[in-house]
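Worksheet: the structure to be examined is printed underneath.
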Amino acid sequence: MLDSTLRPVKDRLLAPVASGPVGRVPVAIITLIGLAFTLAAAVSAWQGAVALAVSFWLLGRVLDGLDGAVARATGQQSDAGGLFDFVADSVGYAAVPLGIAAGVDDRALWIATAVVIATFYVNAVSLGQVAALLEKRSTVDRGTTSVVMPRGLVEGTETIVAFTLALAFPSSAATIWWIFAAAVAVTIVERLRWASVLLREGPQP
């Protein structure tokens, strides 16, 4: 919901970094380091180190934004890079809720974690299929992402906020996950409705 508003701000903030010495680092390495920080956040949550978990998570998100900025600044954009970034994000989005659940080890939280990961799974499958179909349409604006990313109630910004709150307040994570899962479900419906209307218009030249 907020990505289209905040992405230009993020790009402006990261542009000087991307065009500096960091720009000489291969994009895949930046993505891997970002994933490593995200997995470290999951492990820290499991061990009950709340401050470390939040710090590692936010560092991972900064690097997740930086890899795309470096790719655009240095001409390293590629479909392979976009796929690698998407898979790395998906691994992190599964690992962090599992780390929080393992740290608290409460049945209610395990159930909420299963539900939120399930909604992420359905969202990823629906988004992937929608993106594949919309890639056929030359009139669809892809923005700065490697594939068409339809807007929705839950996007990257909202995910970062929800995960940060869950990491910072693990005792309330079950409530946070139920609210977030409901929002993701709404997003799935929104994107499918948007795509179905667009696709009914027929192929574009």
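Per-residue Cβ neighbour counts within 10 Å put W110, W57 in the sequence W110, W57, beginning with the fewest. Oblate is the label for segment 50-124, because the ratio a/c of its alpha-carbon gyration tensor axes (a ≥ b ≥ c) is 1.5 or higher and a/b is not greater than b/c. Where in segment 154-182 is the amide nitrogen less than 19 Å from a point lying 7 Å along the Cα-to-Cβ axis of A118? The answer is 173-182.
A short reminder: the numbers here are calculations on the coordinates, not readings from a lab. Note that the structure is predicted; figures quoted are calculated from it, not measured. Note: ideal-geometry Cβ built from the backbone for every residue, glycine included; neighbour counts use all protein chains shown.
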